[in-house]
Amino acid sequence: MRFKLSLIGSAIVFLLVAGSFFTQRSIPVAKIWSNYSVFYVENSVPEATVLFYLEQSGCRDVISLSSQKIPPVERYPSVDSSYLTKRLDYFRDEESKYRLYYIPEQFQGEATKAVQQIVKGTGAAAGLDGKERYPWVVPLVCLVSYLILLLASKKKGVFMLPGIFPLIFSLSQPFYLVAAAVCLMLLAIYLINGLWIRRKFFTAIFRSFYIDVLIVASLGLLFASSIVTGLLGVELFLAVAMSFVLMKALHDYKEYRSAFTFLPIFSAWQIPVVYKKTSRFVLGTILPLSALLALFFVSTFVTTVSSVQGLSIPTPDGSGASSLPSAEDYYSWVWRNKVFPYRSLNDSSPNEEPKNGERVTISRFMQTERGIQKSVDTLFTYNDKFRNGLKDEIRKLDYGAIEKLMISQGDGVSVSYGSGAESKSDSQHNGFNMVLLFASLCVPLFLYGIYFGFGRKKYENSK
């Protein structure tokens, strides 16, 4: 009866977890713009119709031509309209055959659905930028780790079933942080393998410092990747735990039907988790983690080209020859409008680009005990503080301003018409992931250091 209940309970958990892995599967997509996808539709389709399909599909915060305001932030007077006119080119291709819309990346799936609905409902050509690329090398690293630890396990069947779930998870979420977490979890399963079938097996798992650190570190990496990935990691942990419960119930059932029962003398509490042999694999986990770190480092600088089927559309590039407004142009435009009331009417270059550190000052004259004194006050300074303030204002806007797209790409980026662009992730996000991958690399080093410093002499003769 107990075996049947364990079998039914495990089957339910396995099916639910497998379903979650399938429905929440994700593939890295190379896009032209950071944080946004380009949605293009033939000009023959009215914008109201396109926005209707996008809204019906679940897309929100869409940046479109009709959503633009003049000026973008209400309190800025518009004394120079050149920027406002040029920014409208963001919403057409170079030949003006297609209308362009920009969809936040979190609505990638909804935008794909909207493409299908527009093509079906209007018969017009439509599409979405982005090039899906499945990074097979990432789950391949996990597979190699799985096979090596499987061959090294004393009880290969005990490692095989629980280890399958992290491997499937790496296929469902082929990201570097996920792969690092999977490698750590596979190592934890390998260490648990040595405690199998001994008395107090389950309690010994949570009493082991080495296993606890590996489980916490792997879950920490998954939650650092995203909340959804972290929750999937909890489901993964549950599936691994239920696989041990199922195997234990199967073992007890066989023991019950057997005429002879084998019972190890020592309980799981008395068996070292890390000793001379297993310590080599603890230290060896550095190799797949180092490979992931190296691959991530290379992928950060080796970019993938994303295109929109040959259309020439606004694309960020590093050529410096910008034919469309960029974030820097927006900052300059705001600066010129802000300082216009304080400029001299005899100024021969009112539209000149501001230089970093440029200031606007006014003179004040005050009556003091020593007579009339002159003081100079600084009203505006064109610096990082000024530009960061403009970014904050744009982010807080409650409509889809094209400036949100500009600042999402970062400063110092020129924009021109092109048929494709190199897609790079946000540098700050890359740096955060790099730190986490390096931290995951330190976990087996730390555990080996603990064993070498405290546990080696005690267990150096353990087999």
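The values are calculated or read from the model by the stated rules, or taken from the named source; none is laboratory data. What you are looking at is a predicted structure, and each value in this text was computed from that prediction instead of being measured. Heads up, the Cβs are rebuilt from the backbone with ideal geometry, glycines too, and the neighbour counts pull from every protein chain shown. We work out accessible area using only protein heavy atoms, side chains counted, and drop any ligands, DNA or RNA first. Shrake-Rupley method; radii C 1.70, N 1.55, O 1.52, S 1.80 Å.
Numbers below:
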{"quantity": "Scope region 29-47; condition assigned to a loop (DSSP other than H, G, I, E, B) and either surrounded by fewer than 20 Cβ atoms within 10 Å (Cβ to Cβ) or free of Cβ contacts under 8 Å to residues at least 60 places away in the same chain (or both); matching residues", "calculated": "Ser34, Asn35, Asn43, Ser44, Val45, Pro46"}
{"quantity": "Enumeration of residues in region 144-158 that are of a type outside the set (Gly, Ala, Ser), surrounded by 15 or more Cβ atoms within 10 Å (Cβ to Cβ) and at pLDDT 90 or above", "calculated": "Tyr146, Ile148, Leu149, Leu150"}
{"quantity": "Qualifying residues in region 78-98 (those that are touching a Phe, Trp or Tyr at 6+ places or on another chain (Cβ under 7 Å) and over 15 Å from Ser323 (Cβ atoms)) - the one most open to solvent (accessible area, probe 1.4 Å)", "calculated": "Val79"}
{"quantity": "Selected residue [over 15 Å from Tyr399 (Cβ atoms), charged (D, E, K, R) and modelled with pLDDT under 95] from Arg87, Arg75", "calculated": "Arg75"}
{"quantity": "Scope region 49-63; condition under 21 Å from Leu405 (Cα atoms) and touching a Ser or Thr at 6+ places or on another chain (Cβ under 9 Å); matching residues", "calculated": "Val50, Leu51, Leu54"}
{"quantity": "Top-ranked residue in region 1-28 [being among the β-branched types (Val, Ile, Thr) and open to solvent by 70 Å² or more (accessible area, probe 1.4 Å); ranked as modelled with the lowest pLDDT]", "calculated": "Ile8"}
{"quantity": "Every pair of residues 6+ apart whose Cβ atoms lie under 6 Å, when the first sits in region 352-373 and is under 15 Å from Tyr342 (Cβ atoms) and of a type in the set (Val, Ile, Thr) while the second is open to solvent by less than 50 Å² (accessible area, probe 1.4 Å) and not in a strand (DSSP E or B)", "calculated": "Val360/Val339"}
{"quantity": "Elements of type helices (runs of 4 or more DSSP H) in region 202-312, at least 3 residues being at pLDDT below 80 and within 19 Å of the chain's Cα centre (by Cα)", "calculated": "286-301"}
{"quantity": "Unique match (being under 30 Å from the mean Cα position of the chain (by Cα) and in a helix (DSSP H, G or I)) among Gly163, Gly127", "calculated": "Gly163"}
{"quantity": "Residues being at pLDDT below 85, open to solvent by less than 100 Å² (accessible area, probe 1.4 Å) and either more than 30 Å from Tyr36 (Cα to Cα) or acidic (Asp, Glu) (or both) - total across region 422-449", "calculated": "1"}
